[in-house]
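First comes the structure, then the notes that go with it.
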């Protein structure tokens, strides 16, 4: 238990090299194996796809904290390009292996190993996804991360954030609602998760 608590603290506050070591060890141990699409047959599709597939058809996607790229593997929309970024070299290696089994996706799916706090992609994207990763930053740092990535959204592009516990991360939800224009919010009654689709204030909206 003490190790688990310490790792949780270091994932938020530790140096990049420390975070990478912890995440690599967890992926190497198989802790996140349940996210592999090969192991998810018969499991209900995640709530995030209700929103993400409406915004990702024919578009470019930047998936921050992508893990083993389960999102890219499970999307039913025909995205134009996908760039998955994760601090864990082990996760990225596993993601490359998973995507390589799908020739229709492999040629348009790319990866980078980096701390997403200061990653600089080489272009702009229609969709920037934070799936279960934004809360690993303290609130003020999460604000800085969002501000950093605003410059990498195309006009009319959207952020998509998924949080598994909207009550626990209510300060982050309220930050987004207060400082951005929320286009869509999925928060099913009887469940804890929430998906927010939003844009910088004043952004050009190109979608109906």
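The values are calculated or read from the model by the stated rules, or taken from the named source; none is laboratory data. Quick caveat, the model's predicted, so the values are computed rather than measured. Cβ sites come from the backbone with ideal geometry, for glycine too, and all protein chains shown count toward neighbours.
Cβ separations smaller than 6 Å between residues 6+ apart or across chains give the following pairs from region 101-126 residues that are free of Cβ contacts under 8 Å to residues at least 40 places away in the same chain to residues that are assigned to a strand (DSSP E or B): 108/81; 110/83; 112/85; 114/85.
Yes or no: residue 45 assigned to a helix (DSSP H, G or I), within 26 Å of residue 187 (Cβ to Cβ), touching a helix residue (DSSP H, G or I) at 6+ places or on another chain (Cβ under 8 Å) and at pLDDT below 90? Judged against the criteria, residue 45 is not a match. Scan region 111-118 and give yes if some residue there is closer than 18 Å to residue 74 by Cα and modelled with pLDDT of 95 or more, otherwise no. Scanning region 111-118, I find at least one residue that is closer than 18 Å to residue 74 by Cα and modelled with pLDDT of 95 or more, so the answer is yes. Being surrounded by 15 or more Cβ atoms within 10 Å (Cβ to Cβ) and either modelled with pLDDT of 95 or more or in a loop (DSSP other than H, G, I, E, B) (or both) is a property that holds for residue 145.
Looking only at residues in region 95-125 that are assigned to a loop (DSSP other than H, G, I, E, B) and in contact with a helix residue (DSSP H, G or I) (Cβ under 8 Å, 6 or more places away or on another chain), the one that is surrounded by the most Cβ atoms within 10 Å (Cβ to Cβ) is 116. For beta carbons closer than 7 Å, sequence separation of 6+ or different chains, a first residue in region 147-174 that is on the phi > 0 side of the Ramachandran plot and in contact (Cβ under 8 Å) with a residue 12 or more places away in the chain and a second that is in a loop (DSSP other than H, G, I, E, B) and surrounded by fewer than 21 Cβ atoms within 10 Å (Cβ to Cβ), the qualifying pairs are 156/203; 156/204; 156/205; 156/206; 156/207. Of the residues making up region 151-177, those that are part of a helix (DSSP H, G or I) and either surrounded by fewer than 16 Cβ atoms within 10 Å (Cβ to Cβ) or at pLDDT below 95 (or both) are 170, 171, 174, 177.
The number of residues in region 178-208 being outside any loop (DSSP other than H, G, I, E, B) and in contact with a strand residue (DSSP E or B) (Cβ under 8 Å, 6 or more places away or on another chain) comes to 14.
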